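The values are calculated or read from the model by the stated rules, or taken from the named source; none is laboratory data. As the structure is a computational prediction, the values presented were derived from the model and not from experiment. For neighbour counting, all protein chains shown are included, and Cβ atoms are generated from backbone atoms with ideal geometry for every residue, glycine included.
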Amino acid sequence: MSKRNRQDFENHQFINSEEIFTNNNNNMEEKAKFVKLEKEIFSYDVCFEIISMLDDSWFILNNCTLISKQFFNVIRERSKLVIKFKKKFTEKRVELFMKSQFMNSIVNVKFSSWLLDSFERAEFISEMKQLTSLNIYNNRIGDVGAKYINEMKQLTSLNIGGNRIGIKGAKLISEMKQLTSLHTYNNRIGDEGAKYISEMKQLTSLDIGGNQIGDEGAKLISGMKRLTSLHIYNNRIGDEGAKLISGMKQLTSLNIGVNEIGDEGAKLISGMKRLTSLQIYNNRIGDEGAKYISEMKQLTSLNIGGNELVMKELN
């Protein structure tokens, strides 16, 4: 692995899927030269413990799988893989992935932006039966793609941001009652789509930014009592919406930037005593509103840039 690729893995904890599946596809048995042992030296449990001490999945797949058939089987049956897809999909790549013996070992997948022409081409994702986390942001999958994802009942974390899923897609995603974390930013769902998302009462983390849901959408989202983290930026929310959001006393993290919140809204937000992280940038907050925010002594992270503070000082 090049120094650059290794650094990428260390930073992101992802492995390059092209290398994995090229080396571990249906030609694996032809390429691999397994060590022939008269008997197994270690039990399967001991082999798994050895493998578990390694945190480099690339190394495991491209080296440990070649030690013996026993190690190969242990990795295939017990290892949990985290993969990042970086290259444009072709029919050949999809074919290789579908034939891989490690499909059921994958628990976490992330797609880089703009890899898919349509979700049908990557329908193989639904074959990853152990997948619990999927990040497919900015891939233009639309409501058709949302339909495929809707069928993945084992997912607990989903980032489907920037995919133009619309109201229909929001409805489909809202049926995934096993999800606890959802990112559905920049999807044109409006307040009608927000209504469907608000029915996901099990969510603890939600990013619904950039969907123009307005105060009506904020009202719907404010009823999600299990949320501890909410990103609701760029949604045309004013002081009335801020009042509704401020009633979510369980929140510890809130991004309500790029809205239309003034001093009154800032006062209301300042009453959220459990918040430790607040992003309230690019609103209409002046010195008075800043004073209220400054009283939130429990905050460990704050972004209040892009408001009217400097302008008021100059005037």
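If you go through region 165-212 and keep only what is outside any loop (DSSP other than H, G, I, E, B), of a type in the set (Ser, Thr, Tyr) and either surrounded by fewer than 18 Cβ atoms within 10 Å (Cβ to Cβ) or modelled with pLDDT under 95 (or both), you end up with 181, 205. Of the candidates 245, 237, the single residue that is among the β-branched types (Val, Ile, Thr), in contact with a strand residue (DSSP E or B) (Cβ under 9 Å, 6 or more places away or on another chain) and crowded, with 19+ Cβ neighbours inside 10 Å is 245. Checked against the criterion of being within 27 Å of the chain's Cα centre (by Cα), at pLDDT below 60, surrounded by fewer than 19 Cβ atoms within 10 Å (Cβ to Cβ) and over 16 Å from residue 109 (Cα atoms), region 68-77 contains not a single residue that satisfies it.
Would you call residue 104 in a strand (DSSP E or B) and either surrounded by fewer than 20 Cβ atoms within 10 Å (Cβ to Cβ) or of a type in the set (Lys, Arg) (or both)? It is false that residue 104 is in a strand (DSSP E or B) and either surrounded by fewer than 20 Cβ atoms within 10 Å (Cβ to Cβ) or of a type in the set (Lys, Arg) (or both).
Keeping to region 229-244, report how many residues are over 23 Å from residue 157 (Cβ atoms) and not small (Gly, Ala, Ser). Spell out how you get there, then give the answer.
As a first pass, look at region 229-244 and keep what is over 23 Å from residue 157 (Cβ atoms): 236-244.
Filter again for not small (Gly, Ala, Ser), leaving 236-237, 239-240, 243-244.
Residues in region 229-244 being over 23 Å from residue 157 (Cβ atoms) and not small (Gly, Ala, Ser): 6 in total.
The set of residues in region 265-279 being crowded, with 17+ Cβ neighbours inside 10 Å and more than 16 Å from residue 294 (Cβ to Cβ) is empty. If only residues of region 139-156 that are among the polar types (S, T, N, Q) and surrounded by fewer than 17 Cβ atoms within 10 Å (Cβ to Cβ) are counted, the one that is nearest to the chain's Cα centre (by Cα) is 156.
Here residue 228 meets the list (1) surrounded by fewer than 20 Cβ atoms within 10 Å (Cβ to Cβ); (2) within 30 Å of residue 115 (Cα to Cα) almost entirely, failing just condition (2). In the set 232, 221, only one residue is among the β-branched types (Val, Ile, Thr), modelled with pLDDT of 95 or more and more than 18 Å from the chain's Cα centre (by Cα); that residue is 221.
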